[in-house]
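A short write-up of the structure that comes next.
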Amino acid sequence: MTDSVLRIGLVLPDILGTYGDSGNAEVLQRRLQWRGITATVAGFDHGEVLPSSLDLYLLGGGEDDAQTLAVSRLRARPGLHHAVERGAVVFGVCAGLQILGTEFTTSDGMRHAGLGLLDAATVPGPRRAVGEVVVDVGPELGTEPLTGFENHRGRTRVAGGSHALGRVRSGVGNGDGTEGAVTGRVLATYLHGPVLARNPALADLLLAWALGTPPSALPLPEVGSLREERLRAAKRGRRK
């Protein structure tokens, strides 16, 4: 972060924009503005050079062809790798998780090298995971679970160079009882929502990494009420 402005970049929103995950950028920008901190958001499409000078990068979801095209662009232009080397924060959702990993296999059986920023490999599962997810997380995200919805077929194995974001209480997640992956300031999840609107503690964790200090408290009672309703809905769904 320089000149008191936090710079947020949407990575290939023209390719990785299937599920509305670009809304995560608006959430981050608004939560900073409410605290009196200026933030800029810029999107970098597949024909543009992704700069390595930003503070926080967001990758969204996409189908197999979009995901394969996105990873080829990002491997050919190492801006994201250089950004991570200098300490930038990277947040990926769904296809973003798989792209950030070491490798992924698409539904046609083809294996593709990922960016290697997470120690995670993905293969297709026996059936598509669709529905609400509830994830228990560590103390850095408070006492409340994460909520979101998933729509993917991937089954992701997180190896020793990373650790899972949390444990699945309801839903599929990575497919082995865990959800997401984290290495340093690179964090990814299968949760849509946009997930940062549904989980302000996760949004503020990313902001704390980018700012270098935890942001001030931002009490929003209506957000808490909505989260409680989503958890009740998830519990009702498990009883069906």
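In the list 172, 168, which residue meets the criterion of being buried (at least 16 other Cβ atoms within 10 Å of the Cβ), assigned to a strand (DSSP E or B) and either among the aromatic types (Phe, Trp, Tyr) or modelled with pLDDT of 95 or more (or both)? I'd like the intermediate steps shown before the answer.
On the way: 172 fails: assigned to a strand (DSSP E or B).
Residue meeting the stated conditions: 168.
Of all residues in the range 142-163 being closer than 19 Å to residue 61 by Cβ and among the small types (Gly, Ala, Ser), which is nearest to the chain's Cα centre (by Cα)?
Filtering first and then ranking leaves 148.
Which one is farthest from the chain's Cα centre (by Cα) among residues in the range 51-65 that are surrounded by 21 or more Cβ atoms within 10 Å (Cβ to Cβ) and in a loop (DSSP other than H, G, I, E, B)?
Top of the filtered list is 54.
Of all the residues that make up the range 98-109, how many are farther than 14 Å from residue 75 by Cβ, without any contact (Cβ under 8 Å) to a residue 24 or more places away in the chain and surrounded by fewer than 17 Cβ atoms within 10 Å (Cβ to Cβ)? Break it down stepwise before answering.
Going residue by residue through the range 98-109, those that are farther than 14 Å from residue 75 by Cβ are 105-109.
Applying the additional criterion that residues be without any contact (Cβ under 8 Å) to a residue 24 or more places away in the chain yields 105, 109.
Next, from what is left, pick out any that are surrounded by fewer than 17 Cβ atoms within 10 Å (Cβ to Cβ): 109.
Result for the range 98-109: 1.
Of all residues in the range 189-229, how many are open to solvent by 30 Å² or more (accessible area, probe 1.4 Å), among the hydroxyl-bearing types (Ser, Thr, Tyr) and outside any loop (DSSP other than H, G, I, E, B)?
1
Take the residues of the range 142-159 that are more than 18 Å from residue 129 (Cα to Cα) and at pLDDT below 95: which is least open to solvent (accessible area, probe 1.4 Å)?
Residue satisfying both the conditions and the ranking: 145.
Could you tell me which residue of the range 9-45 is surrounded by the most Cβ atoms within 10 Å (Cβ to Cβ), considering only residues that are small (Gly, Ala, Ser) and in a helix (DSSP H, G or I)?
The initial filter retains those residues of the range 9-45 that are small (Gly, Ala, Ser), namely 9, 17, 20, 22-23, 25, 36, 39, 42-43.
Remaining after also requiring in a helix (DSSP H, G or I): 23, 25.
Details: 23: 17, 25: 24.
Among them, the one singled out is 25.
From the set of residues in the range 179-188 that are touching a strand residue (DSSP E or B) at 6+ places or on another chain (Cβ under 7 Å) and under 17 Å from residue 55 (Cα atoms), which is surrounded by the fewest Cβ atoms within 10 Å (Cβ to Cβ)?
Once the filter is applied, the top-ranked residue is 185.
Please specify each residue of the range 84-97 satisfying the condition of being at negative phi and surrounded by fewer than 24 Cβ atoms within 10 Å (Cβ to Cβ). First the steps, then the outcome.
Of the range 84-97, the ones at negative phi are 84-86, 88-93, 95-97.
84, 85, 86, 88, listed by residue number.
What single numbered condition from (1) open to solvent by 50 Å² or more (accessible area, probe 1.4 Å); (2) under 21 Å from residue 21 (Cα atoms); (3) without any contact (Cβ under 8 Å) to a residue 40 or more places away in the chain fails to hold for residue 122?
Failed condition: (1).
The values are calculated or read from the model by the stated rules, or taken from the named source; none is laboratory data. Given the structure is predicted, the values throughout are model-derived calculations rather than measurements. Here Cβ is always computed from backbone atoms with ideal geometry, including for glycine, and neighbour counts include all displayed protein chains. Areas reflect the complete protein model, heavy atoms only, side chains present, ligands, DNA and RNA absent. Shrake-Rupley method; radii C 1.70, N 1.55, O 1.52, S 1.80 Å.
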